Amino acid sequence: MHETVAPDGNDRRSPMNNENAAVRKPFALTRRMFLTSLSASLLPGSLSVLGSSHPAAAAAPSRPLVGAIRWDAWYSPGSQPTEAMKQSLGPEKYRWRTPFFGTQMNRDPNALDFSASIEAEMDKEIDQAIFAGLDYWAFAAYGANHPMSKALYAFRARPKAAELRYCMFTELGRWGSAAKLSSLPQEHIGLMADKNYLRVENDRPLYFLGFIKGADVQRSWGGVQGLRTQLGKFKSDANGAGLADPYVVLAGDTKFLSQEAANLGADAVGSYAITTGNGRGSFVDLAKYAEKGWNDLSASQVPVVPTVMTGWDRRPRIERPVPWEKSQRPGDGVTNFYAAPTKKELAGHLAQSISWVNSRAPDRRAPAVLIYAWNENDEGGWLVPTVPCQTDRLEALREVLKATAKTASKNLC
């Protein structure tokens, strides 16, 4: 199992950094007062909506923080990632998967555009996340001037951002190497000073460092000890900035992390997405595969942040390959996809992740659950409402995370 694998084996993580795109083989809604009173660890939560026979119903009366990955290729017209999304979701048959702010262009059924009003759309997305009961977003991390970072900095500038927390999910390759460290770790330490940056046990900023493979660790860091040293420096630099030690979740190759996570000094392990290159079937099949992945990662002997899948269906990218997946041939692997979830299936998978975390021994219990994803729409993993305002996936989360609230999704788009 790999952290995230396209059905053709392509690594889909780096739309602007082709040298990093290595081939991978088979792998008025507001909660201001509530959210600002959150403790640094677990949140009160109720799973009674699931019924006493559901495995999550017997969980402890608290739950881990629940967040979703943001992969923000939608907000920079003219940039490579945004133009690629227009192409992959342009065909009319995929329009139902388009984020709610997508529009048909020039009356062409196969031409797509996205709203340029990122501030207004970001306010709506914050409300949507709060409606669903999400505690945080994990932004896929790029540099401040990168087009994929436009949404992060728009989010930070919005007054509504005080109502939702966030953290970063970074590719190890973007840290550079032992010989030439990038500036990104220091940039992220600066972000951790934000009042709404997500903190967990003992006020520790949560930080995901992902796409880790043993060969990359050896090549770029001289082996496990070299990366461990750099992780220690990262924490020391955060201390120097007046922060507690970051709570670092390492994500990547399951076999490597199961053997080396403790030696690397990881606080926990996890995944970006859990799927397999030639996978196909029902959403229940995908959920079972993901849940097996949580158990496989538990061999690391450190806490596991389970990744909840919301889907895996890359047909738009397979039919119209994105520029950074250079080995993808049009149509190759188009039958390898999982069916979209029903509300009940998605709610059940999320509830199972919470139950799974709460069933761990106290010293192996992670403070968070991660959902793939908020807006990986062309890969099949999304929560964001789709055109015109389809909110079923948000409602599925709300049934689990805000069980006592009425399910009313008016005025969310």
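Site pair S62 and N263 shows an inter-label distance of 3.4 nm when each label is modelled 7 Å from Cα along Cα→Cβ. Using every pair of distinct Cα positions in segment 68-146, the Kirkwood expression returns a hydrodynamic radius of 13.8 angstrom. Accessible surface calculations at 1.4 Å, restricted to protein heavy atoms, place segment 180-312 at 36 Å² per residue.
Between S183 and D203, full extension at 0.36 nm per residue minus the direct alpha carbon distance yields a gain of 4.8 nm. For a straight C-alpha distance cut-off of 16 angstrom, the lysines reachable from K255 (same-chain residues fewer than eight places away being disregarded) are K25, K213, K292.
Viscosity 1.002 mPa s, temperature 20 °C: what is the translational diffusion coefficient of segment 125-264 from Stokes-Einstein with a Kirkwood Rh over Cα pairs, rounded to a whole number of µm²/s? List each step's numbers first, then the result.
Numbers: Rh = 15.8 Å.
Roughly 135 µm²/s, to the nearest whole number.
Over segment 145-189, with every protein chain in place, what whole percent of the accessible area is carbon and sulfur at 1.4 Å, could you tell me? For segment 145-189, the apolar C and S fraction of the accessible surface comes to 53 percent. If R0 is taken as 25 Å, the Cβ-Cβ distance between K410 and A120 corresponds to a FRET efficiency of 0.90.
Each of Y153 and E319 was given a label point 7 Å from its Cα along the Cα-to-Cβ line. The distance between the two points is 3.5 nm. For the pair K195 and A299, label points projected 7 Å from Cα toward Cβ lie 4.6 nm apart. As a calculated quantity, the FRET efficiency between K255 and K344 at R0 = 35 Å, using C-beta atoms, amounts to about 0.55.
The values are calculated or read from the model by the stated rules, or taken from the named source; none is laboratory data. Every value quoted in this text rests on a predicted model; they were computed, and no experiment measured them. Cβ coordinates were reconstructed from backbone atoms using ideal geometry, including for glycine residues, and neighbour counts include every protein chain displayed. Ligands, DNA and RNA are stripped out before the accessible areas are found, and what is left, the full protein with its side chains, is counted by its heavy atoms. Shrake-Rupley method; radii C 1.70, N 1.55, O 1.52, S 1.80 Å.
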